[in-house]
């Protein structure tokens, strides 16, 4: 039997269409996605800080871009990604101590991650809007 025949008869590796979605799986995927998104958001923060250092003209432009409706949506998404990733990191920190390892506790902490990130982001932006 040739190597090609052996490869053709091997089972396929499981993928997302086979797995039944669970909350812990979704939180894990979102943790990875938000980690990547934070790179982009941090570049925006660095751009804003460089514009601040360059003077009033570049800083006014950066504030105009980030203060536009699309900029505010991006900043809202960045703050949600930051909070979601932070809570996901805290979830892993709790697991490092051996807590919340059972299925019910894992599901509860995963739901708390999602709900907490949404609530904290809305509260953060409500405070920002109120102070504005």
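When you check residue 49 against the structure, is it farther than 18 Å from residue 112 by Cα and surrounded by 13 or more Cβ atoms within 10 Å (Cβ to Cβ), yes or no?
Details: farther than 18 Å from residue 112 by Cα: yes; surrounded by 13 or more Cβ atoms within 10 Å (Cβ to Cβ): no.
No: the conditions fail for residue 49.
If I ask for residues that are crowded, with 18+ Cβ neighbours inside 10 Å and either within 15 Å of residue 32 (Cα to Cα) or touching a strand residue (DSSP E or B) at 6+ places or on another chain (Cβ under 9 Å) (or both), which ones from segment 74-109 would you list?
78, 80, 81, 82, 83, 84, 85, 87, 88, 91
Here is a check on your reading of the model: is residue 112 part of a loop (DSSP other than H, G, I, E, B) and either modelled with pLDDT of 95 or more or surrounded by 15 or more Cβ atoms within 10 Å (Cβ to Cβ) (or both)? It would help to see each step written out before you state the result.
Working: part of a loop (DSSP other than H, G, I, E, B): no; either modelled with pLDDT of 95 or more or surrounded by 15 or more Cβ atoms within 10 Å (Cβ to Cβ) (or both): yes.
Here the answer is no, as residue 112 does not meet what is asked.
The values are calculated or read from the model by the stated rules, or taken from the named source; none is laboratory data. Because the structure is predicted, anything quoted here is derived from the model rather than measured. Reconstructed Cβ throughout: ideal geometry from the backbone, glycine too, with neighbour counts over all protein chains shown.
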